[in-house]
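These notes are about the structure you will find just below.
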Amino acid sequence: MGTPRLSTNTPAKGLFGSGIWRTRADSASALLLSVRYCIHARILYSRRMALKRMDNVGIVVDDLELTIDFFQELGLELEGRATIEGEWAGRVTGLAGQRVEIAMMRTPDGHSRLELSRFLTPPVVADHRNAPVNALGYLRVMFAVDDIDETLGRLRKRGAQLVGEVVRYQDSYLLCYIRGPEGLLIGLAQELD
């Protein structure tokens with residue numbers, strides 16, 4: 001049958017229509033090579049695409065206790081607290097000598113988490129808490145709630161302020177943005193029946 005050869009002349013007709021293979025045998029060999037390549041590429045691609053889930057969203061705060069209380073009032077559960085420090089932590093974040101208090105908050109369904117962090121060292125270098133909704137970068141987290149009015153009532157007692165207004169989106173959702181503790185932007189969505 002022979003080995004596939006690249007044509008240096010005008011391409012001949014083969015199984016692939018006009019192509020670079022000279023004979024049907026060469027075309028069949030090329031097809032086999034193509035299949036092998038596709039299988040190999042699919043294996044590599046599937047290994048690279050081993051994403052399991054989004055584990056958490058990190059929010060840096062100044063008052064950890066106040067923020068924990070606020071998110072507990074919203075309905076998140078405190079999963080745990082820790083102080084993160086040491087050489088290994090700096091290698092992950094690129095901040096040598098860091099010392100951070102964290103609190104992991106979990107949604108009631110157990111699928112989503114917020115990691116609240118208060119940096120003890122190094123000091124915080126930027127403050128994006130009061131950025132408008134069209135600012136670049138990560139900006140807000142949105143939560144699905146059973147009753148948006150009841151949730152707003154509870155959160156207002158913890159200092160939450162409505163950014164705009166509660167809006168009905170088609171016949172699907174009631175939506176709003178609020179500013180929570182330290183100006184954090186939080187979205188609320190109530191699915192309509």
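The values are calculated or read from the model by the stated rules, or taken from the named source; none is laboratory data. Just so it is clear, the model here is predicted, and its values are computed rather than measured. As a convention, Cβ positions derive from the backbone with ideal geometry for all residues, glycine included, and neighbour counts pool all protein chains shown.
Within region 100-157, the residues that satisfy the criterion of being more than 20 Å from the chain's Cα centre (by Cα), assigned to a strand (DSSP E or B) and farther than 17 Å from Gly180 by Cβ are Val100, Glu101, Phe119, Leu120, Thr121.
Residues satisfying the criterion are absent from region 85-92 (criterion: within 30 Å of Gln161 (Cβ to Cβ), at pLDDT below 95 and not acidic (Asp, Glu)). Among the residues making up region 163-193, those that are over 25 Å from the mean Cα position of the chain (by Cα) and in a strand (DSSP E or B) are Val167, Arg168. In summary, Asp62 fulfils each of the numbered conditions (1) within 23 Å of Ala103 (Cβ to Cβ); (2) modelled with pLDDT under 75 with the single exception of condition (2). Among the residues of region 118-125, not a single one is in contact with a Phe, Trp or Tyr (Cβ under 8 Å, 6 or more places away or on another chain) and either crowded, with 17+ Cβ neighbours inside 10 Å or outside the structural domain of Ile186 (by TED's automatic domain parsing) (or both).
Selection of region 142-178 for residues being under 15 Å from Leu66 (Cα atoms) and either touching a helix residue (DSSP H, G or I) at 6+ places or on another chain (Cβ under 9 Å) or surrounded by 18 or more Cβ atoms within 10 Å (Cβ to Cβ) (or both) yields Arg154, Leu155, Lys157, Arg158, Gly159, Ala160.
Name the pairs whose Cβ atoms lie under 6 Å apart, with the first residue in region 100-127 and closer than 16 Å to Leu64 by Cβ and at pLDDT 95 or above, the second part of a loop (DSSP other than H, G, I, E, B) and among the basic types (Lys, Arg), and 6 or more positions between them or separate chains? Note: no pairs meet the criteria.
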